[in-house]
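Structure first, commentary second.
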Amino acid sequence: MTTLDRTQTPSFQKISFFDYPKVQSKLLKTNTNLHVLESGSQPLLRIEFVFETGHFNEKIKGIAAFAFKMLFEGSKKYSSSQISQMIASWGGFVETLAGNDRSMITFYVLADYFEDLMDLFSEVLLNPTYSESEFYSLNNIAVQNIKVNFEKNSYVASGYFRQTLFGVNHPYGTFQNPEQISNLKINDCLSFYQNNILNSLSDIFITGFGAIKASQVFENKYSSNFNPFIKNSYSNDFQVHESEMKIDIEKPNALQTSIRVGKRSIKKNHPDFVKLLVVNEILGGYFGSRLMKNIREDKGFTYGIGSNVD
């Protein structure tokens with residue numbers, strides 16, 4: 001058996017061929033885009049539902065995340081525990097993410113249980129109970145998690161950075177705190193669901209081994225279950241800071257310092273945006289980036305450094 005000599009750097013080779021997977025896309029009758037990618041060899045599926053709503057549509061800061069999480073805290077047919085047990089019994093789990101402009105509900109499940117999962121998702125999306133007891137239980141957990149996060153330099157630095165860059169009233173400057181979250185009400189959740197979630201399903205992504213078959217089943221059996229997508233009309237009258245600013249935040253007894261440096265840049269519809277993403281990846285987008293090699297490996301100034309474009 002040949003032993004790998006790890007003291008020798010592997011020889012450099014140019015990539016001669018890259019087989020980019022082909023995605024099948026179509027517009028459903030509900031005005032929702034369905035994207036399908038058949039891949040892998042294990043019977044596993046990833047199903048992502050994208051909603052064109054998020055912090056930008058919040059009348060009350062922080063409510064979007066709760067409105068999405070509460071979908072799985074009980075429906076007319078099933079309790080919160082029943083929903084969790086059913087998804088787990090199908091070899092799956094669910095993730096919810098409320099973003100600035102878009103929000104996602106993502107499922108991972110064994111392919112054989114795709115229809116069972118879609119039956120359940122139709123139920124929780126269209127018939128959530130928004131139970132007050134479940135809401136306050138979820139709220140208490142969130143408040144405790146935020147209190148823990150406020151002890152982390154990285155969380156505080158990132159929050160104040162966004163707030164300084166865009167302003168406290170801008171959706172992108174949202175910085176949740178325990179008092180803000182504890183003041184949320186269940187009716188605020190229900191209002192966001194009715195006005196922003198129900199009609200905002202813009203895209204569906206089905207990927208994995210068996211994705212094509214699953215997409216056909218979805219289109220024929222489930223697509224009509226969901227409300228037609230109605231494009232959001234965003235309000236763009238938010239004021240942002242125009243001058244450079246520097247903020248120092250003292251944190252007693254902290255053993256480390258977190259630093260954030262940045263500025264507003266081009267929009268995502270700019271023709272150079274993809275090029276900017278590639279340049280950023282080289283600069284500081286991964287562990288072997290130029291920033292990591294120079295500042296961490298060569299100079300030893302920091303344990304971690306990176307860059308990103310949002």
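Across the chain, the relative contact order, built from alpha-carbon pairs under 8 Å that are at least six residues apart, equals 24 percent.
With the highest mean first, a sort of the peptides 247-256, 221-230 on other beta-carbon atoms found within 10 angstrom per residue produces 221-230, 247-256. Pairs to check: K22/K275; K14/K267; K69/K221. Give those whose C-alpha atoms are more than 30 Å from each other in this structure. K14/K267, as the Cα separations exceed 30 Å there. Every pair of different Cα atoms in the range 24-231 enters the Kirkwood calculation, which places the hydrodynamic radius at 18.1 Å. Residue pairs exceeding 30 angstrom between C-alpha atoms, taken from K29/K61; K61/K263; K152/K246: K29/K61. With the simple spin-label model, which puts each label point 7 Å out from Cα in the Cβ direction, the N225 to K29 separation comes to 1.6 nm. The packing ranking, built from the mean of other Cβ atoms within 10 Å per residue, places the peptides 68-75, 177-184, 120-127 in the order 68-75, 120-127, 177-184, highest first. You can think of it this way: the chain between L97 and Y20 has 25.0 nm of extra reach, that is 0.36 nm per residue less the Cα-Cα gap. The order of S79, S200, going from fewest to most other C-beta atoms within 10 Å of their C-beta, is S79, S200. For the chain, modelled as a GNM whose springs connect Cα atoms under 10 angstrom apart, the maximal fluctuation among I146, I15, I295 occurs at I15.
When each of the peptides 52-65, 18-31, 105-118 is scored by how many other beta carbons lie within 10 Å of its residues on average, the order from highest to lowest is 52-65, 105-118, 18-31.
Across every direction, the projection of the convex hull enclosing the Cα atoms of the range 170-310 has a mean area of 15.1 nm². The shape of the range 124-172 can be summarised by an equivalent ellipsoid whose semi-axes, obtained from the alpha carbon gyration tensor, come to 29, 17, 8 Å from longest to shortest.
With contributions of -39500 (n - 2.57) from each DSSP H run of at least four residues, the per-residue ellipticity at 222 nm computed over the chain stands at -9000 deg cm²/dmol. Ranking of I197, I141 by neighbouring Cβ atoms within 10 Å, starting from the fewest: I141, I197. In the range 265-310, the inverse of the mean reciprocal separation of distinct Cα atoms equals 11.2 Å; this is its Kirkwood hydrodynamic radius.
The numbers here are math on the coordinates, done by the rules we state, and not lab data. Here the structure is a predicted model, which means the values were calculated and not measured. A quick note on method: Cβ atoms are made from the backbone with ideal geometry, for glycine too, and the neighbour counts reach across all protein chains shown.
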